[in-house]
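All remarks here apply to the structure that follows.
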Amino acid sequence: MADVTHLETRTLGGGESGFVTTKFEALLGWARKYSLFQYPFATACCGMEFFSTASPRYDIARFGAEAPRFSPRQSDVLWVVGTISQRQAPVLRRVYEQMTEPKWVIAFGTCASCGGFYDNYATVPGIDKIIPVDVFIPGCPPRPEAVLDGLMLLQDKIGRCDRTPETVKNTALPDGAEEALEKLYQIRMKP
Amino acid sequence: MSKLILERLKAQFGDDILEVSSFRGDDVALVKPARWVDVARFVHDDPRCDCTYFVDLSANDRCDPRTDDLDMDDRFEVYVIAYSVAKKHRVRIKTRLPGDEPRLATVIPVWSGANWMEREVFDMFGVHFEGHPDQRRILTYDEFKGHPLRKDYPANRAQPLVEYREGTFNKLGPFLQDEGMPLNRSAAPDERN
Ligand code: SF4
């Protein structure tokens, strides 16, 4: 993980206006993370949930990521939404290669992440077999909340100017959540 | 009422209709492969059958690779479903082909809609349609070897067009390092790719 301390931003008081010191890189990261142009590569049923996330109820525009670009050359984030078949794999890779740097990839849904329940001749078992992926969003399909969580994880990574082409960290659970989940699980599993 | 087609077929083709059955409005006739196109033509042209609407053409593989001979005589069952919009009745015509080089005449001259369906059957089962104007694969790609819906095709054999990337993918839970669900298959891990 990239070192975050060098990106420190400080607000200094002084007079009526005050001023902010920052590093150019941090500013760039901040600007990038709120102006993501997305390329939706929607192939299957997960597409519905993607549209739902993009529509006003969940409003992906709050994250500065509402503008879809249907040319890979103009987009920053590749959303791979749905099942990728072996036949489609070369297309997906070409789309990825056409995107200009910096670029990020989100695997939306179980199919894109690991092939899902398809285990056969037709389906790629996870798009990370073909292109590097930053965020995997599990779910069949994932709820919009999960999608927005994934998007925030990606923004976090962009804001840190972390350019390692690998998975971002999971969202940390709040204190005590794990025990609560375990308890819930025990209750549910009781006959 | 729709048994009418079966009766017409039996009257017309006699012993070439091997078997007929009706179950809850599904009328099925099993015919000899040699008369496949004739039967299709009759069902389409005969004014009392009048099945001008082509619904589907597909196939299934009837062998069990564990016990049966892969070259058995009646391994592939190709069927066509035809419907009459005017008379509101439907019929399914089936035929059985040997496992070794299955060949059948095309029904495109009868219903031109059969074109892509026959390509699909060729792609998935390797049944060759004689007289088909464009016998290419339709769902898989030219590089694909074998026919995936044949029972002897390994259920989890993939033939990637793009070479898989090397290395660990550093996935976090809930995904595991060996992706894809085994679905209770007994295949050894190294067979899975
Ligand atoms: S993960 Fe589920 S909802 Fe999404 S594409 Fe696959 S099957 Fe469809």
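Using Cα centres only, tell me the gap between segment B:25-43 and segment B:46-66 in whole Å.
8 Å
Suppose a student asked you for the relative contact order of segment A:36-189, using Cα pairs under 8 Å spaced at least 6 residues apart; what percent would you report?
Details: 253 pairs, mean separation 31.3, N = 154.
Here the relative contact order equals 20 percent.
Quick one: net charge of residue A:90's neighbours, Cβ under 12 Å, K/R +1, D/E -1?
0
Calculate, in whole percent, how much of the Cα-Cα pair population of segment B:96-157 lies beyond 20 Å.
Looking at segment B:96-157, the distances longer than 20 Å represent 26 percent of pairs.
Strictly greater than 23 Å: what percent of every Cα pair in segment B:3-179 meets that?
For segment B:3-179, the share of Cα pairs beyond 23 Å comes to 49 percent.
Mind checking the dipole of segment A:36-189: about its Cα centre, +1 per Lys or Arg Cβ, -1 per Asp or Glu Cβ, Debye to the nearest 20?
In debye, rounded to 20, segment A:36-189 gives about 520.
At 0.36 nm per residue, minus the direct Cα-Cα distance, what do residue B:28 and residue B:100 gain on full extension? Give it in nm, one decimal, please.
Values: separation 72, 0.36 × 72 = 25.92 nm, distance 2.51 nm.
Once the chain is fully extended between residue B:28 and residue B:100, it gains 23.4 nm.
Using DSSP, restrict attention to beta bridges with both residues in segment B:1-94 and report what percent are antiparallel, rounded to the nearest 5.
Beta bridges within segment B:1-94, antiparallel portion: roughly 85 percent.
Over segment B:3-179, how many pairs of lysines fall under 13 Å by alpha carbon, counting only those 8 or more apart in sequence or from different chains?
The result is 4.
Would you please calculate the Kirkwood hydrodynamic radius of segment A:46-107 over all C-alpha pairs and express it in Å, rounded to one decimal?
When all Cα pairs of segment A:46-107 are included, the Kirkwood radius is 12.7 Å.
Quick one: accessible surface of residue A:55, probe radius 1.4 Å, all protein chains present, in square angstrom to the nearest 10.
Around 40 Å² of this residue is reachable by solvent.
Please state the shape class of segment B:32-77: rounded when a/c is under 1.5, otherwise prolate if a/b exceeds b/c and oblate if not, all from the C-alpha gyration tensor. Walk me through the intermediate numbers first.
Details: a/c = 5.37, a/b = 2.62, b/c = 2.05.
Taking the square roots of the gyration eigenvalues as a ≥ b ≥ c, segment B:32-77 is prolate.
Just the number: Rg to Rh for segment A:18-71, Cα atoms, Kirkwood Rh, two decimals.
1.15
Mind checking A:85-94 for the average number of partner chain beta-carbons within 10 Å of each residue's beta-carbon?
Mean inter-chain Cβ contacts per residue within 10 Å come to 4.
How much of the DSSP beta bridge set in segment B:3-179 is antiparallel, as a percent to the nearest 5?
75 percent
Give me the net charge of residue B:134's neighbourhood, meaning all other residues with Cβ under 14 Å from the Cβ of residue B:134; Lys, Arg count +1, Asp, Glu -1.
My count for the surroundings of residue B:134 gives -2.
Which FRET efficiency value, to the nearest 0.05, is calculated for residue A:37 and residue A:57 with the Förster distance at 22 angstrom and r the Cβ-Cβ distance?
Approximately 0.50, to the nearest 0.05.
Could you check what % of the DSSP bridge pairs in segment B:62-156 are antiparallel, to the nearest 5? Can you show the working numbers first?
Numbers: 9 of 12 bridges.
Among the beta bridges of segment B:62-156, antiparallel pairing accounts for roughly 75 percent.
The values are calculated or read from the model by the stated rules, or taken from the named source; none is laboratory data. Bear in mind the structure is a predicted one, so any value in this text is a computation, not a measurement. Heads up, the Cβs are rebuilt from the backbone with ideal geometry, glycines too, and the neighbour counts pull from every protein chain shown. Surface areas here come from the heavy atoms of the whole protein model, side chains and all, with no ligands, DNA or RNA. Shrake-Rupley method; radii C 1.70, N 1.55, O 1.52, S 1.80 Å.
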